[in-house]
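Chemist: Take a look at the following structure, please.
The values are calculated or read from the model by the stated rules, or taken from the named source; none is laboratory data. Since the model is a prediction, treat every value here as computed from it, not as a measurement. So basically every Cβ, Gly included, is an ideal-geometry build from the backbone, and we count neighbours across all protein chains shown.
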Amino acid sequence: MENNVSNSTENTTSIPNVPYQPLVVKGKSLGEAWENAVRIMMYQGFNRFIKAPEYQTWTKDSPMFIMVDNPAEQPRFSSKAPITQEIADDYSNKMLNGMDKEKENSFDYTYYSRLRHYPDCIVRAGMPNVSDDSEMKDYVNKVCDGRCVVQRIDQVEKVIDIFRKDPTRRTAVMHTWIPMRDLAKFTPDRKDTSSPCLVICHPQIAEDKLHFNIVMKTNDLFSAWPGNAYAFTTLQKYMADQLGIGVGHYTHFSVSMQVYEEVYETARSV
């Protein structure tokens, strides 16, 4: 979930210096963890001025780990969060089950499409780690007559299948990144597009429970995290149910967790 922010005028003299460092937050439930995270970010978050082409604004911005003991227990979002039960359920359902094709394709990306319809080329799977252009061309010709054969991968079901065969497996990684698309932000073809904030989902089974570890490149802590965490832990429960085990810990790491200046006053009241 992404949110628009208002324009702001940079004024570096009005904001005290705070060290840039990772912040660690714990909570028993998603709701408690979010409240703790917002308070810590507003108190210890790094003051960062964003100069993106589409907006300029101050943020509280730090790497942040949020660790939740019981993500399936209530409250799954705080009463102070800008989200309703209806919105949370709708968002998580769309992430898990998708929308109709026309709606899915109207977005630059959706987590459903990246996790459950991920496009990959069978040529890439067996390609040498390093090769020059001529070697790569020879390899592609050998494997598929010079054509890239694209397949759609349901990473969720593949991971479930892996764990059914080996619950101790540590390679059950789901990811969303398509480098040729997502690293092309400022190229002519991708000038106004966005890339997924969720990068990696790495579940693990221990003590007969499915533990979820999430990595995001950036995350709007105040406005988007409640919905993101609700949806990701809904996916966690779905996978745990499919495996016939319990729901374990939820660990959410954002490399750039932020609170935008336009909600500072509201965030300080949490």
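Chemist: Among the residues of segment 254-270, write down those that are more than 17 Å from His202 (Cβ to Cβ) and assigned to a strand (DSSP E or B).
Modeler: Ser256, Met257, Gln258, Val259, Tyr260
Chemist: Still on this structure: For residues in segment 208-228 being in contact with a strand residue (DSSP E or B) (Cβ under 6 Å, 6 or more places away or on another chain) and among the aliphatic types (A, V, I, L, M), which is farthest from Leu198 (Cα to Cα)?
Modeler: Leu210
Chemist: What do you reckon, is Ser79 farther than 15 Å from Asn219 by Cα, not hydrophobic (A, V, I, L, M, F, W, C) and not in a helix (DSSP H, G or I)? Quick ask: steps written out before the conclusion?
Modeler: Values: farther than 15 Å from Asn219 by Cα: yes; not hydrophobic (A, V, I, L, M, F, W, C): yes; not in a helix (DSSP H, G or I): yes.
Yes: the conditions hold for Ser79.
Chemist: Is segment 176-187 home to any residue that is closer than 23 Å to Asp90 by Cα and under 20 Å from the mean Cα position of the chain (by Cα)?
Modeler: yes
Chemist: If a residue must be at pLDDT below 95 and out of contact with any Ser or Thr (no Cβ under 6 Å at 6 or more places or on another chain), how many such residues does segment 1-40 contain?
Modeler: Going residue by residue through segment 1-40, those that are at pLDDT below 95 are 1-19.
Among the residues that remain, those that are also out of contact with any Ser or Thr (no Cβ under 6 Å at 6 or more places or on another chain) are: 1-2, 4, 6-7, 9-19.
The total comes to 16.
Chemist: Still on this structure, please answer the following. Scan segment 193-216 for residues that are in contact (Cβ under 8 Å) with a residue 60 or more places away in the chain and not polar (S, T, N, Q) and jot them down.
Modeler: Selection gives Pro196, Cys197, Leu198, Cys201, Phe212.
Chemist: Find the residue count for segment 76-87, including only residues that are within 20 Å of Val259 (Cβ to Cβ) and surrounded by 14 or more Cβ atoms within 10 Å (Cβ to Cβ).
Modeler: Narrowing segment 76-87 to residues within 20 Å of Val259 (Cβ to Cβ): 77-83, 87.
Retained after the next criterion (residues that are surrounded by 14 or more Cβ atoms within 10 Å (Cβ to Cβ)): 77-78, 80-83, 87.
Selection size over segment 76-87: 7.
Chemist: In the set Ala72, Ala52, Ala33, which member is aliphatic (A, V, I, L, M), crowded, with 20+ Cβ neighbours inside 10 Å, at negative phi and under 21 Å from the mean Cα position of the chain (by Cα)?
Modeler: Ala33
Chemist: Among (1) under 22 Å from Val199 (Cβ atoms); (2) touching a residue at least 60 places away in the same chain (Cβ under 8 Å); (3) aliphatic (A, V, I, L, M), there is one condition Ile83 misses while meeting the rest; what is its number?
Modeler: Status for Ile83: all satisfied but (1).
Chemist: So which helices (runs of 4 or more DSSP H) stay within segment 152-253 end to end and still have 2 or more residues that are of a type in the set (Lys, Arg) and assigned by TED's automatic domain parsing to the domain that holds Tyr55? Working first, answer last.
Modeler: Working: elements: 155-165, 179-182, 225-243.
Per the criteria, 155-165.
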